[in-house]
Amino acid sequence: ACLAGITAKISAENSVFAQTGSYAFLGLLGGSYDFKHCTFANYTNFGTRQDGHFALTNTLRDGNGKILATADLTCNIVNSVIYGTLTEELLLDKGGAALFNTNFKGNFIRSKSKPFPSADNTYNKAPLFKDEFKADFRPDTLSPLHNMGIPLSPPVTVDVLGNPRIGVPDVGAFERPD
């Protein structure tokens with residue numbers, strides 16, 4: 001995994017987690033996760049993936065799927081991209097009595113299950129990066145990520161490269177200059 005937490009507390013802003021061959025993010029056995037303007041992308045030709053690359057679970061399971069332990073999980077993700085080559089890039093595993101609280105808003109997500117339909121998320125619309133196969137995740141000139149973010153308070157004023165975010169922000173770690 002590019003970024004993994006086991007009952008962890010992780011916050012990330014203007015970050016890129018990509019091209020891993022497996023998980024760009026794995027939140028295992030609960031935890032507290034907060035992501036703003038992040039890009040989680042997996043377009044690598046390294047290995048053969050069968051599972052999505054953004055995974056959240058409040059469980060720990062054995063090889064047969066039996067729950068061994070659970071812990072509370074909270075995940076907030078806003079103005080971020082979860083995209084890749086599979087039709088399902090988002091894995092959510094809720095089990096046991098532990099809490100499983102998610103707040104996904106203003107994101108571009110590749111997911112056939114569309115688990116957050118009323119939270120201003122965009123599903124299965126290609127983000128149109130400059131060149132995702134060469135790990136260039138900046139929005140192209142026709143990218144739907146441009147000016148589609150939700151204004152935050154306090155705002156994230158610059159992108160991962162230090163470019164200013166003015167007005168309505170772009171979704172993801174990169175702001176496309178006008």
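The values are calculated or read from the model by the stated rules, or taken from the named source; none is laboratory data. These numbers were taken from a predicted model, which means no experiment stands behind them. Because the Cβ atoms are built from the backbone with ideal geometry, glycine has one as well, and the counts that use them run over all protein chains shown. Side chains are part of the model used for accessible areas, which takes the heavy atoms of the whole protein and leaves out ligands, DNA and RNA. Shrake-Rupley method; radii C 1.70, N 1.55, O 1.52, S 1.80 Å.
Being within 19 Å of Ala24 (Cβ to Cβ) and free of Cβ contacts under 8 Å to residues at least 24 places away in the same chain is the requirement here; does Tyr83 meet it?
So Tyr83 does not fit the description; no.
Take the conditions surrounded by fewer than 20 Cβ atoms within 10 Å (Cβ to Cβ), polar (S, T, N, Q) and modelled with pLDDT under 95 and apply them to Thr74. Does it pass?
Spelling it out, it is not the case that Thr74 is surrounded by fewer than 20 Cβ atoms within 10 Å (Cβ to Cβ), polar (S, T, N, Q) and modelled with pLDDT under 95.
Report whether or not Asp170 is within 15 Å of the chain's Cα centre (by Cα) and assigned to a loop (DSSP other than H, G, I, E, B).
Against the criterion (within 15 Å of the chain's Cα centre (by Cα) and assigned to a loop (DSSP other than H, G, I, E, B)), Asp170 qualifies.
Would you point out which residue out of Gly172, Gly106 is of a type in the set (Gly, Ala, Ser), touching a Gly at 6+ places or on another chain (Cβ under 8 Å), modelled with pLDDT of 95 or more and crowded, with 19+ Cβ neighbours inside 10 Å?
Criteria check complete, one pass: Gly106.
Can you tell me how many residues in region 1-51 are within 28 Å of Asn147 (Cβ to Cβ), touching a residue at least 40 places away in the same chain (Cβ under 8 Å) and in a strand (DSSP E or B)?
11
How many residues does region 1-47 hold that are under 13 Å from the mean Cα position of the chain (by Cα), of a type in the set (Gly, Ala, Ser), within 17 Å of Asp93 (Cα to Cα) and open to solvent by less than 20 Å² (accessible area, probe 1.4 Å)?
Final tally of qualifying residues: 2.
Considering each residue of region 57-71, count those that are part of a strand (DSSP E or B) and either crowded, with 23+ Cβ neighbours inside 10 Å or polar (S, T, N, Q) (or both), and give that number.
So the answer is 3.
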